[in-house]
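We did not get these values from a lab; they are worked out from the coordinates using the rules stated. Owing to the predicted nature of the structure, the values given are computational and were not obtained by experimental measurement. Virtual Cβ from ideal backbone geometry, glycine too; neighbours counted across all protein chains shown.
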């Protein structure tokens, strides 16, 4: 698997989860053994499915790489899910085995019981180690079929769907393509890669594997902690990492002394995406860390579509960049007609190399509906493309508020309110209004040390009026102890907005 690396490096550490380590040689050996276990001991054929439910630990990489080399697909299951939700994914994916850590074994066994199937459950630790010790260690060949990782959509609107992205068919070609994609993003393997997010999410693990195949040792945080991340970047000379905007906010909240002690001289590429970022937050991060931030726009379905470095973003604040060389981005109106430059509509992405960019597992109807032509699809974002190619997002179409027939995009309002020093986090959404259809509601998580009051509400509304048109200013503001966010950084707004819609005959 790592035959393209300098043989002198094989005894160096490749993976470190801050508790256990793997050398490059050990990682390759364990991947081969796990692949043999899946294919021969369990009898999975290439193209069949396993599942993994684990926190951020070295065994996760054993499983993903073992599946990759053996041609097996792994359903990466969010460990926050309940037993019924996990059971649905196990049934939908057809997983022939579930590999789990001890912490999540009870909920997985309950999920398997719900399916009524006799799916084997393998627990990381002594059980998994014994199975790997007895499995053959013969490596797979570069011409053998490549497996992959299937990520399930968040399921905020209906049942989640497994996303299978198109890729090279053979193992050797897949590894080469992954490394090449990484170099195009600045993930050049030239130093340690810090994993800050959950390994069950496409972005953290996808970028980390690109860097790994280019020779970057991987440092895996078990969970996000802002101060610990700064320590690790300096102590491990981290070159590349991936963060989400809420992580930037947490970093900026650290006290002045802690922030001043951070050097960050090793940083080369700090990718960020997955959620909109407030311009004020990005300005502060660039001023602190330097021009190392690289923003992308894309999705699990199609990967990275646009990119923008720090200097270019400062010249075009708010942009998510221009299309990568293999993509085109354009906006369409409600009838699917392409809009002129600068006009806002639903954004479409066209992969100029691959026609069938992805598929939704077990759902050819949804797969077909996602495409507007060969390689052309939409991920539901609304925005515009300027004449110079810079893409600007307004919001997700599903988040749009329609008040008095006017389209209002919550992300713009969230960015404005986030600049207020009392605001730690903010979510904006529509609630029922008899006269206007919907009205704008804001939910605010206060910064540490700030107390809620009617006077603060008045101050926040006055602050918003200086930055937003009147119809965009929230009618009311609620204070929340903590806003619901996925570990990936995305707001779970439905948990907030559903309180206001239970008796309504619609939800938008």
**Complete:** Between residue 451 and residue 366, the two model label points (7 Å from Cα along the beta-carbon direction) sit apart by a distance in nm of 4.8 nm
**Potential extension, residue 82-residue 18 segment - 0.36 nm per residue separation minus Cα distance** = 20.3 nm
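When averaged across all projection directions, what area in nm² does the alpha-carbon convex hull of region 20-168 cover?
Values: hull surface 35.1 nm².
Projected area, direction-averaged: 8.8 nm².
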**Request:** Using only the C-alpha atoms of region 400-500, find the volume of their convex hull and express it per residue in Å³.
**Result:** 101 Å³
**Message:** With Cα extents along the principal axes in Å as the read-out, I listed (i) 68, 52, 46; (ii) 71, 57, 42; (iii) 68, 58, 48; which label goes with the value calculated from this structure?
**Reply:** (i)
**Item:** Label-to-label distance, nm, for residues given as residue 109 and residue 259 (7 Å Cα→Cβ offset)
**Value:** 4.8 nm
**Request:** Take the Cα atoms of region 39-88, build their convex hull, and give its volume per residue in Å³.
**Result:** 80 Å³
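With 10 angstrom as the radius, rank 482, 59, 138 by how many other C-beta atoms surround their C-beta, starting from the fewest. Spell out each step's value before the answer.
On the way: 482 8, 59 26, 138 11.
Ranked by crowding around the Cβ, least crowded first: 482, 138, 59.
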**Item:** Paramagnetic label zone (point 7 Å from Cα along Cα-to-C-beta, residue 337; backbone N under 19 Å) in region 399-443
**Value:** none
**Rounded to 5, the percent of DSSP beta bridges in the chain classed as antiparallel** = 60 percent
**Prompt:** Suppose R0 equals 41 Å; then what is the FRET efficiency for residue 91 and residue 402 from their Cβ-Cβ distance, rounded to the nearest 0.05?
**Reply:** 0.65
**Message:** Let me test this: with uniform point scatterers at the alpha carbons of region 434-485, what is the Debye-based log₁₀ I(q)/I(0) at q = 0.13, 0.17 1/Å?
**Reply:** -0.36, -0.59
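Run the helix sum for the chain: -39,500 (n - 2.57) per DSSP H stretch of 4+ residues, divided by residue count, reported at 222 nm to the nearest 500 deg cm²/dmol. Present the calculation step by step, with values, prior to reporting the outcome.
Working: 16 runs with 157 residues, N = 508.
Result for the chain, helices only: -9000 deg cm²/dmol.
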**Request:** Measure nothing fancy, just the Cα-based angle from helix 454-465's long axis to the longest principal axis of the chain, in degrees from 0 to 90, nearest 10.
**Result:** 90 degrees
**Near-label residues of region 438-467 by backbone N, under 13 Å of a point 7 Å along Cα→Cβ of residue 280** = 447, 460-467
**Asked** With axes computed from alpha carbons, what is the tilt in degrees of helix 83-93 against the longest principal axis of the chain, rounded to the nearest 10 within 0 to 90?
**Response** 60 degrees
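Once you order the gyration tensor axes a ≥ b ≥ c over the Cα atoms, which shape class does region 82-171 get: rounded for a/c under 1.5, otherwise prolate or oblate by comparing a/b with b/c?
Details: a/c = 2.50, a/b = 1.16, b/c = 2.15.
It comes out oblate by the Cα gyration axes.
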**Complete:** Simple SL model, points at 7 angstrom along Cα→Cβ for residue 40 and residue 228; separation in nm is 3.8 nm
**Request:** Measure nothing fancy, just the Cα-based angle from helix 105-115's long axis to the longest principal axis of the chain, in degrees from 0 to 90, nearest 10.
**Result:** 90 degrees
